[in-house]
1. Which of (1) closer than 20 Å to residue 87 by Cα; (2) crowded, with 21+ Cβ neighbours inside 10 Å does residue 314 not meet, given it meets every other one?
2. Kindly provide the set of residues from the stretch 59-76 that are outside any strand (DSSP E or B) and over 18 Å from residue 347 (Cβ atoms), ordered by number.
3. Mind listing whichever residues of the stretch 236-261 are surrounded by fewer than 16 Cβ atoms within 10 Å (Cβ to Cβ) and in contact with a strand residue (DSSP E or B) (Cβ under 7 Å, 6 or more places away or on another chain)?
4. Considering the stretch 229-244 alone, what residues qualify as being touching a helix residue (DSSP H, G or I) at 6+ places or on another chain (Cβ under 9 Å) and in a helix (DSSP H, G or I)?
5. Here are some conditions: (1) closer than 30 Å to residue 260 by Cα; (2) touching a strand residue (DSSP E or B) at 6+ places or on another chain (Cβ under 7 Å); (3) surrounded by fewer than 23 Cβ atoms within 10 Å (Cβ to Cβ). Residue 274 meets all but one. Which one does it not meet?
6. Of (1) farther than 28 Å from residue 92 by Cα; (2) touching a helix residue (DSSP H, G or I) at 6+ places or on another chain (Cβ under 9 Å); (3) touching a residue at least 12 places away in the same chain (Cβ under 8 Å), residue 274 satisfies all except one. Which?
7. As an exercise: evaluate residue 341 against (1) surrounded by 15 or more Cβ atoms within 10 Å (Cβ to Cβ); (2) within 30 Å of residue 30 (Cα to Cα); (3) touching a helix residue (DSSP H, G or I) at 6+ places or on another chain (Cβ under 9 Å) and give the number of the one condition it does not meet.
8. Take residue 264 and tell me if it is surrounded by fewer than 16 Cβ atoms within 10 Å (Cβ to Cβ), over 25 Å from residue 127 (Cα atoms), under 23 Å from the mean Cα position of the chain (by Cα) and not assigned by TED's automatic domain parsing to the domain that holds residue 297.
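The values are calculated or read from the model by the stated rules, or taken from the named source; none is laboratory data. Computed from a predicted structure; not experimentally measured. Cβ atoms come from the backbone with ideal geometry, glycine included; neighbour counts cover every protein chain shown.
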């Protein structure tokens, strides 16, 4: 549901929640639950309607999840439609803008005294624990004799308000060459420590450092997706949310380009009838469960009611919601996300091809349904069975965001 902090409309938010909970109660009873059990189930959420302090702290949206064993509450930084879902699993499609679509990226903040790595999306930022990366220049070079005599000072403000560049001092006169070599050794160790963490990644990395250091790290980095443009200045003076805002200005155009390219790839494959793309809800639901989807566009504000049997891959579609139905668009989106696919939850008018979904398949698949579908297509074209051995799919390293959705999905 939408919420309105610091607004006159905030007084309407608890009333809106109360009405939504009344609707949820009616629907749960229709599912066959006893009225006393339903009231007990919803009680923790009803308590929110009488808490003034709760509504003063809310964001732009509120998502509540409830089962007999758990109650989860999420304040969201974007608007939501007021909506009630009753099912045997949580519906999570509306949370996907937090996790996908605009992609994820990293911020590598480098200074003399610390190294920080942050994981970000459009809406969230969190610090990543670094286990194999030296925490500072002194720690990285403590066994290197020349480093004992090297001091590195980040840029500082002059009395006139301009910023001095970073300065390097040794005994007596400055030794610029020795300083630069020391920095390179420091950055080589940082780069080596990040290799395992970034091994399966393609996400952009934004450097945050004094301007002098950014080209030096670019020289030593083995990761191909470090951006040339960075957040300049001493990162020790910037909090996580400030780094987040400045880095987002850099990566946002890249993600917009990725989405545009994903749309073009789908339209090309779909128009060619290659069998590597589909706008059919039934095919997409099956492929999502079979871990076959590489990229999925799904209409955020639409529902396609029905049922999916994972044991037989049978899909039923219903014109209106029936007791026991699932939103198949939500199901396809979450299955795709959990299995490493890219998901864009967009306005219905922005789905490529003009349908409810648009999916591009991975080019190899080892699941029973995928192999059967491939045999069927080749048989229709009169081709011989393919003898190429299938290979397992490689998925990106699970992040805390993906684990959070996985917890909700399996709860």
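1. (2)
2. Keep residues of the stretch 59-76 that are outside any strand (DSSP E or B), which gives 59-60, 67-70.
Within the stretch 59-76, 59, 67, 68, 69, 70 qualify.
3. If the condition is that a residue be surrounded by fewer than 16 Cβ atoms within 10 Å (Cβ to Cβ) and in contact with a strand residue (DSSP E or B) (Cβ under 7 Å, 6 or more places away or on another chain), then 240, 241 are the ones that fit.
4. Passing the criteria: 235, 243.
5. Tallying (1) closer than 30 Å to residue 260 by Cα; (2) touching a strand residue (DSSP E or B) at 6+ places or on another chain (Cβ under 7 Å); (3) surrounded by fewer than 23 Cβ atoms within 10 Å (Cβ to Cβ), residue 274 fails exactly one: (2).
6. (3)
7. So the condition that residue 341 fails would be (2).
8. Numbers: surrounded by fewer than 16 Cβ atoms within 10 Å (Cβ to Cβ): yes; over 25 Å from residue 127 (Cα atoms): yes; under 23 Å from the mean Cα position of the chain (by Cα): yes; not assigned by TED's automatic domain parsing to the domain that holds residue 297: yes.
Answer is yes for this residue.
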